[in-house]
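J.: Let me begin by handing over the structure; questions about it come next.
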Amino acid sequence: MTLTVDVTVSRDAFDVRAAFEVPDGRVLGIVGPNGAGKSSLLAAIAGLVDASGAIRLGETDLLAVPAQRRGIGVVFQDFLLFPHLSVLDNVAFAARVRGGGWTAARAKADPWLTRFDLTELAQRHPDALSGGQAQRVAVARALAAEPAVLLLDEPMASLDVEIRDDVRADLARHLREFGGPAIVVTHDREDAAALADEVLVLERGRVVQRGTLAELAAAPATPWVERFAR
Amino acid sequence: MRVSSRPKHVGRSGRAGPVVAVLAAVGLALLVLPLLGLLLRAPWAELPGLLASEAVLQALGLSLGTAAVSTVLCLTFGIPIAVLLSHSVHWGVVPRRLLRAAITIPLVLPPVVGGIALLLLLGRRGIVGQWLAEIGITIPFTTGAVVIAQTFVAMPFLVFAVEGALRSADRRSELAAATLGATPGQTFRLVTLPLVAPGIAAGAVLCFTRALGEFGATITFAGSFPGVTRTLPIASYLAMNSDPDTAIALALVLLAVSLVVLLGLRDRWLPGVVK
């Protein structure tokens, strides 16, 4: 189903306003300078901050639906894994809160561990994971909730340079397999190129341009876009 | 030139000046010497016999039992109060300060005053007590009164420990839980509570030791009936007049329990001390 967003998010410095659609199986990159409102926009779509306007999935209006019933998965910037739970229980969390005990939830989480190559790390706690491992857990945990939409906030930001290429390629594969609408916030051109089908540029809370990176490079709307897309 | 951030009264070697050292030594002596005196004066040879006496065992059992029940009551009601207190940052100044003051009262109030106040509330002629008396419930001078007095004085220790933990925990994990479908209740149970568990454990330990040592409010509100309300501190105080050796033995038991708790309570569990 297509995700339709047309929202205004109130912030101290300036409001963030954006309107766009993301169809099934497509990944929209949201890029822009620091403080442009990218994360606020993502939090509004997930239902974590108040917004006005419309957020629709297909014909269903999600704006009044609380975060826990929106069916929107989020991979947070520093992953926000539950520090007191093992990798297995982090991934099993969504199944656990849907009812049934931990045992049933862990059984449901098992295939996700296999898929994300986390089986050997199942009993580890988040503080014993590398950045790349933590990112895999975060994505697996979000996808195990079987969300209709997936949002990723700077998923590559906290990773070491040496592993970025491998992790990026893995993440791109998982995003293609996801199948629903996905949004990736990033400030990195390479990440946008590898992960997103097209990008939306946000500056000071406004959408200044939308298109593929090639289109942005061919006719940049602002000096920031020119530097970014080049 | 680089300016040192080292405070002036601490020398370059990290050694304190002579005045500081002397004052600190006197202060430490005041803290430690009485306990040393207790240990030196203890009738070690007769100790097993004294501790095995029925009066001591009775008081010990009563103390441990009531302090445990009081701790459970403090956990049951104190954790919700701590949650309320952590939400009160969004309130107006006046209700926020009133709430904090209400929780702090037992900390600053002399326990005897607390005992008198409890008596005026729950005594036979008390505001609530007279209603309870009509339906045949009498609280003062029962084991229940001991528990109520201990809960009254120990509650702030639990509330402030849990509030500190709630304040310092990374609450953004709660947002992650919401996006995974957890209701607010599930988020509290599966994420928030485990995150503040060290604070709750520290609070419970402090609460238990405070309840165990409770004297003033207990003797005022519950009296001193052997086996019913005569807890260890009260038994120790009463024995001091007639049988000092028993008093010292009882004091040693209280000291031992406190030390065990202190050693079990590692630095990281004391909110505000570390991190």
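Here is a yes/no grid of residues against (1) within 14 Å of chain A (Cβ to nearest Cβ); (2) open to solvent by less than 10 Å² (accessible area, probe 1.4 Å); (3) part of a helix (DSSP H, G or I); (4) of a type in the set (D, E, K, R):
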{"residue": "B:Pro140", "(1), (2), (3), (4)": "no, no, no, no"}
{"residue": "B:Ala149", "(1), (2), (3), (4)": "no, yes, yes, no"}
{"residue": "B:Ala154", "(1), (2), (3), (4)": "no, yes, yes, no"}
{"residue": "B:Arg167", "(1), (2), (3), (4)": "no, no, yes, yes"}
{"residue": "B:Ala176", "(1), (2), (3), (4)": "yes, yes, yes, no"}
{"residue": "B:Arg189", "(1), (2), (3), (4)": "yes, no, yes, yes"}
{"residue": "B:Thr192", "(1), (2), (3), (4)": "yes, yes, yes, no"}
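J.: Filter region B:22-50 for residues that are farther than 15 Å from B:Leu255 by Cβ, open to solvent by 80 Å² or more (accessible area, probe 1.4 Å) and modelled with pLDDT of 90 or more and give the result.
T.: B:Val22, B:Leu23, B:Val26, B:Leu28, B:Leu30
J.: Of all the residues that make up region B:109-132, how many are assigned to a loop (DSSP other than H, G, I, E, B) and exposed (fewer than 15 other Cβ atoms within 10 Å of the Cβ)?
T.: Result for region B:109-132: 5.
J.: Farther than 21 Å from B:Ala177 by Cα, among the hydrophobic types (A, V, I, L, M, F, W, C) and at pLDDT below 95, is that true of A:Val161?
T.: For A:Val161, the condition - farther than 21 Å from B:Ala177 by Cα, among the hydrophobic types (A, V, I, L, M, F, W, C) and at pLDDT below 95 - is met.
J.: Would you check if there is a residue in region A:105-115 being closer than 30 Å to A:Val5 by Cα and at pLDDT 95 or above?
T.: Yes; the residues of region A:105-115 include at least one that is closer than 30 Å to A:Val5 by Cα and at pLDDT 95 or above.
J.: Oh, and also: Taking B:Ile200, is it in contact (Cβ under 8 Å) with a residue 60 or more places away in the chain and within 14 Å of chain A (Cβ to nearest Cβ)?
T.: The answer is yes for B:Ile200.
J.: Could you list, in sequence order, the residues of region A:1-43 that are open to solvent by 40 Å² or more (accessible area, probe 1.4 Å), hydrophobic (A, V, I, L, M, F, W, C) and either part of a strand (DSSP E or B) or out of contact with any strand residue (DSSP E or B) (no Cβ under 8 Å at 6 or more places or on another chain) (or both)?
T.: A:Ala13, A:Ala19
J.: Still on this structure, please answer the following. Kindly indicate the residue of region B:178-187 that is in a helix (DSSP H, G or I) and without any contact (Cβ under 8 Å) to a residue 12 or more places away in the chain and also farthest from the other protein chains (Cβ to nearest Cβ) among those meeting that condition.
T.: Per the stated criteria, the residue is B:Gly185.
J.: Quickly run through region A:60-75 and pick out the residues that are surrounded by fewer than 16 Cβ atoms within 10 Å (Cβ to Cβ) and in a loop (DSSP other than H, G, I, E, B).
T.: Correct list: A:Ala64, A:Val65, A:Pro66.
J.: Next question. Which residues, counting only those in region A:44-59, are free of Cβ contacts under 8 Å to residues at least 40 places away in the same chain, open to solvent by 10 Å² or more (accessible area, probe 1.4 Å) and either out of contact with any Lys or Arg (no Cβ under 6 Å at 6 or more places or on another chain) or in a helix (DSSP H, G or I) (or both)?
T.: A:Leu48, A:Glu59
J.: Sticking with this structure for a sec: Could you tell me whether any residue of region A:170-190 is of a type in the set (S, T, N, Q), open to solvent by 10 Å² or more (accessible area, probe 1.4 Å) and not in a strand (DSSP E or B)?
T.: no
J.: Applying the selection to region B:9-20, what residues are surrounded by 11 or more Cβ atoms within 10 Å (Cβ to Cβ) and either modelled with pLDDT of 90 or more or closer than 12 Å to B:Leu252 by Cα (or both)?
T.: Within region B:9-20, just B:Val20 meets the criteria.
J.: Next question. Can you run down the residue pairs with Cβ atoms below 9 Å, 6 or more apart or on separate chains, where the first is in region A:149-178 and more than 15 Å from A:Ala194 (Cα to Cα) and the partner is acidic (Asp, Glu)?
T.: A:Ser158/A:Asp78
J.: Now for a different question. When the residues of region B:222-235 are narrowed to those that are touching a residue at least 40 places away in the same chain (Cβ under 8 Å) and of a type in the set (Gly, Ala, Ser), which ends up surrounded by the most Cβ atoms within 10 Å (Cβ to Cβ)?
T.: Step by step, filter region B:222-235, then rank; the result is B:Ala222.
J.: Here is a further query. Would you check which residues across region A:76-96 are within 11 Å of chain B (Cβ to nearest Cβ), part of a helix (DSSP H, G or I) and surrounded by 22 or more Cβ atoms within 10 Å (Cβ to Cβ) and list them?
T.: Within region A:76-96, A:Asn90, A:Val91, A:Ala92, A:Phe93, A:Ala94, A:Ala95, A:Arg96 meet the criteria.
J.: It is to be established whether one or more residues within region A:132-147 are more than 14 Å from chain B (Cβ to nearest Cβ), within 19 Å of the chain's Cα centre (by Cα), over 25 Å from A:Ser40 (Cα atoms) and open to solvent by 60 Å² or more (accessible area, probe 1.4 Å).
T.: no
J.: Please go through (1) away from every other protein chain (no Cβ under 13 Å); (2) in a loop (DSSP other than H, G, I, E, B); (3) at pLDDT below 95 for A:Gln123 and return the number of the only condition it doesn't satisfy.
T.: If we test A:Gln123 against (1) away from every other protein chain (no Cβ under 13 Å); (2) in a loop (DSSP other than H, G, I, E, B); (3) at pLDDT below 95, just (3) comes out false.
J.: Continuing with this model, one more query. I'm trying to understand the selection: among the residues of region A:191-200, which are in a helix (DSSP H, G or I) and open to solvent by 20 Å² or more (accessible area, probe 1.4 Å)?
T.: The answer is A:Ala193, A:Ala194.
The values are calculated or read from the model by the stated rules, or taken from the named source; none is laboratory data. Small disclaimer: the values here were computed from a predicted structure and weren't measured. Here the Cβ is made from the backbone with ideal geometry for all residues, glycine too, and neighbour counts use every protein chain on show. Quick note on the areas: whole protein, heavy atoms, side chains included, nothing else; ligands and nucleic acids left out. Shrake-Rupley method; radii C 1.70, N 1.55, O 1.52, S 1.80 Å.
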